[in-house]
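First the structure, in the form of structure tokens, and then the observations on it.
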Number of protein chains: 2
Amino acid sequence: MRDVAVRAGVSTMTVSRVLNEPGKVSEEMRERVLKAVREIGYLPNHLAGSLSSNRSTTIGLIVPSIDNSIYTQTVKGLSEVLKRSGFQLMIAESGYDPNEEEELITVFLSHRVGGLVLHSTEHTPQAVEKIRKSGIPVVENGNIPKEPLDMVVSYSNRDASYAMTMHLGRLGYRKIAFASLYSVHNDRSQDRLKGYLAALKQLGHDPDPRMVLETGRGLAAGAEVVARVMQSVPEVDALFCAGEVLAAGALFECQRRNWSVPGRIALASFDDVDLLRHVSPSITTLRLPRYDIGERTARILLSRIIDGADHLRGSIVDLKFEVIQREST
Amino acid sequence: MRDVAVRAGVSTMTVSRVLNEPGKVSEEMRERVLKAVREIGYLPNHLAGSLSSNRSTTIGLIVPSIDNSIYTQTVKGLSEVLKRSGFQLMIAESGYDPNEEEELITVFLSHRVGGLVLHSTEHTPQAVEKIRKSGIPVVENGNIPKEPLDMVVSYSNRDASYAMTMHLGRLGYRKIAFASLYSVHNDRSQDRLKGYLAALKQLGHDPDPRMVLETGRGLAAGAEVVARVMQSVPEVDALFCAGEVLAAGALFECQRRNWSVPGRIALASFDDVDLLRHVSPSITTLRLPRYDIGERTARILLSRIIDGADHLRGSIVDLKFEVIQREST
DNA sequence: TTGTAGGCGTTATCAC
DNA sequence: GTGATAACGCCTACAA
């Protein structure tokens, strides 16, 4: 920058102003400086800028696992909005481990990110403490926690799960089984179970522990889980797979075993993955606002950071979801 | 840091050393400093550190589109290796647009990333110039370009496509159609087409423009493409879908239309997505080293950055792929 | 082994 | 509207 200033015959302050607040500089100066910038091929140093101004244009994002199709839409929403405002995204994965998450938060804080986006809503006390101390805005967006750290942009896993279970009940299914991803350190799974149980109660069905299953991720897990429940509870007439592509895996297994869907067993899913619409029978599922979550998260963070919108502190955005009835139920 | 130094009764330099080169400090000092660090809850400022030392622990990654399942494995490989060395990942998407890519490169360079990972191998001349000037190591990993910027970690799209086409030819198929994603600004698609054509020549088949198709992404695109080729070239007996989940979409369409697979038409795919293994018939495809690419990319970058391994400059890592024969051919 | 001085490239602040 | 000066928090280089 010094070189640019010398070449343009001005002070470094003027160069800085031309680059950051062009309005506050006379047109003549502006052109002289920009010319010098071009000639030299000058690239501003954001590190120095952030250090000096104590402002950051970097947002830290921590997801449990990057290779999960449901996050990518959220990341895309985040990324697109942030990019427009010249903000950068730092991504890391916690592997569903709160201690790992804490460590990553520490690293991001060291990098002086301007804001933090956390998918998980379960954090170590130390992580909470560090975030509080840093004073930066945070958005949680995997679920709506009882005690938010700061802001929340999400849908309610409990409500969504409740809605789908009620939907199945209203369709006349009497023995509705429930499958989710392992619930250890996964409050999304835990809340989905709560929603399922609440709906059963509302429907007047008795909960049956044999019909509540947990499994891993992927199509194979879905296949496994439907086989398991058919074996242990032959009278089951519907299976709600509350996680990823489990339902598709379950459907493929049913086809292999010649269990008609929905005749022998109905299948329902969570999340509107493309695949669910294209298989036969197409699978009833929930449409969740994955992209919107990213977009709104970015917007609310930027408001806090750029506009200092302090009234947004602690705000909770509960986005809508929707049951999509298809052929599998 | 000054506070820590005061509290421990040492100079800031000693604090810095304890944090970065603990070996060069006496044990007594070390403990005194660490105690002060804990008591104060001191968090180092990476920005200041990088600015001062002119070293960076941030890697910039640019992918065409984040919501693409095939990149996530690569990102995971990258992320896991980098994390172990305390490096951070900045991610952005270019939307298959070289100009957008150039802009993102500029931003990353402003942030003084220590290295750059680019999926695309097509860049604007200005982008190339800026990277050269910055002197930081770069890895391209979507393809093996004729004129690499610096290092390359990838498989050969041409060779993979050639291998699959030859495989179909050897199985006895005579009318092999080829579908890929749109090839504008997408050298991966272009090279896959080249591989297909080279294999046809080798097999003694005449190329037929009606059997070379381009389409968008997603299952619906796969459905569309198989319908299109069956319509225009009824005698087609195999379709090689060289892109994402196209083949799965094609299979679903065949099932809807009662075209038996592989009896009426054989289907082959690119990339070993979980889905392809689980549908019936399971789909013949290529296993590409997506995760390995990320891992190797990270390793080679770190060697350059940390160990200053200059002999790696310009090195090309051509990773192996594999044809997986399944029921659809 | 530890400390001192100076500078990394910017921007905040306050004069002019 | 423009410039001089002093930070920002850390690390390099050199000295003790």
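No lab work stands behind these numbers, since they all come straight from the coordinates. These figures come from a predicted structure and were not determined experimentally. Glycine also receives a Cβ, built like all others from the backbone with ideal geometry; neighbour counts cover every protein chain displayed.
Could you point to the residue in B:ILE59, B:LEU267, A:VAL10 farthest towards the positive end of the protein assembly as shown's charge dipole, with +1 and -1 charges on the Cβ of Lys/Arg and Asp/Glu respectively?
A:VAL10
Size of the dipole of chain A about the Cα centre, Lys and Arg at +1 and Asp and Glu at -1 on the beta carbon, nothing else charged, in debye to 20?
620
Whole Å is fine, so just give me how far the alpha carbon centre of segment A:174-200 lies from that of segment A:1-50.
Here the two parts' Cα centres lie 58 Å apart.
With a cut-off of at most 15 other beta carbons within 10 Å, and DSSP calling the residue loop, which trypsin sites (Lys or Arg not before Pro) in segment B:1-72 qualify? Please list them.
Hits after loop and neighbour filter: B:ARG55.
Going by amide H atoms built from the backbone, whose H comes under 5 Å of the H on A:ILE265, apart from near neighbours?
It is A:SER260, by chain and number.
Eigenvalues of the Cα gyration tensor times 5, then square-rooted: what semi-axes does that give for segment B:167-217, in whole angstrom, largest first?
21, 11, 9
Under a Cβ-only charge scheme (Lys and Arg +1, Asp and Glu -1), can you give me the dipole magnitude of segment A:163-202 about the Cα centre, in debye to the nearest 20?
Around 200 debye, computed over segment A:163-202.
Along the charge dipole of the protein assembly as shown, which of A:THR285, B:ALA250, A:SER328 sits closest to the positive end, that is, farthest toward it, with unit charges on the beta carbon of Lys, Arg, Asp and Glu (+1, +1, -1, -1)?
A:THR285
Expressed as a fraction of 2.2 N^0.38 Å, the rule-of-thumb size for a compact globular protein of N residues, what is the C-alpha radius of gyration of the protein assembly as shown?
1.06
Using the Cα centre as the reference, give the magnitude of the dipole from point charges on the C-beta atoms of the protein assembly as shown (Lys, Arg: +1; Asp, Glu: -1; all else neutral), rounded to the nearest 20 debye.
340
Compute the acute angle (0 to 90°) between the alpha-carbon long axis of helix B:157-170 and the principal axis of greatest extent of the alpha-carbon atoms of chain B; round to the nearest 10°.
Result, in degrees: 30.
Could you name the lysines in cross-link range of B:LYS24, using Cα to Cα under 27 Å and dropping any fewer than eight places away on the same chain?
Leaving aside lysines fewer than 8 places away in the same chain, those within reach of B:LYS24 are B:LYS35, B:LYS83.
How high is the relative contact order of segment B:1-140, in percent, counting Cα pairs under 8 Å that sit 6 or more residues apart?
Taking the mean separation of contacting Cα pairs over the length of segment B:1-140, I get 21 percent.
Within segment B:190-228, whose backbone N sits under 13 Å from a point 7 Å along Cα→Cβ of B:ARG256?
From segment B:190-228, the list is B:219-228.
Determine the relative contact order of chain A: mean sequence separation of Cα pairs under 8 Å and six or more apart, normalised by residue count, in whole percent.
Relative contact order here is 17 percent.
Nearest 10 degrees, 0 to 90: what angle lies between the long axis of helix A:219-232 and the longest principal axis of chain A (Cα atoms)?
It is inclined by approximately 30 degrees.
For segment A:268-329 and segment B:237-298, what is the separation of their C-alpha centers, rounded to whole Å?
Cα centres, segment A:268-329 to segment B:237-298: 29 Å.
Normalised by the empirical 2.2 N^0.38 Å for globular proteins, what value does the Cα Rg of segment A:218-300 take?
That works out to 1.23 for segment A:218-300.
Which GluC sites (Glu not before Pro) in segment B:10-43 pass both tests, a DSSP loop state and at most 12 other beta-carbon atoms within 10 Å?
none
Please quote Rg/Rh for chain A to two decimal places, taking the Kirkwood radius as Rh and restricting both calculations to Cα atoms.
Rg divided by Rh gives 1.13.
List the lysines whose alpha-carbon lies under 24 Å from that of B:LYS146, not counting same-chain residues fewer than 8 positions away?
Correct list for B:LYS146: B:LYS130, B:LYS133, B:LYS194, B:LYS201, B:LYS320.
May I ask for the angle, rounded to the nearest 10°, between helix B:27-40 and the longest principal axis of chain B, with both axes built from Cα atoms and the value confined to 0 to 90°?
Tilt of helix B:27-40: around 70 degrees.
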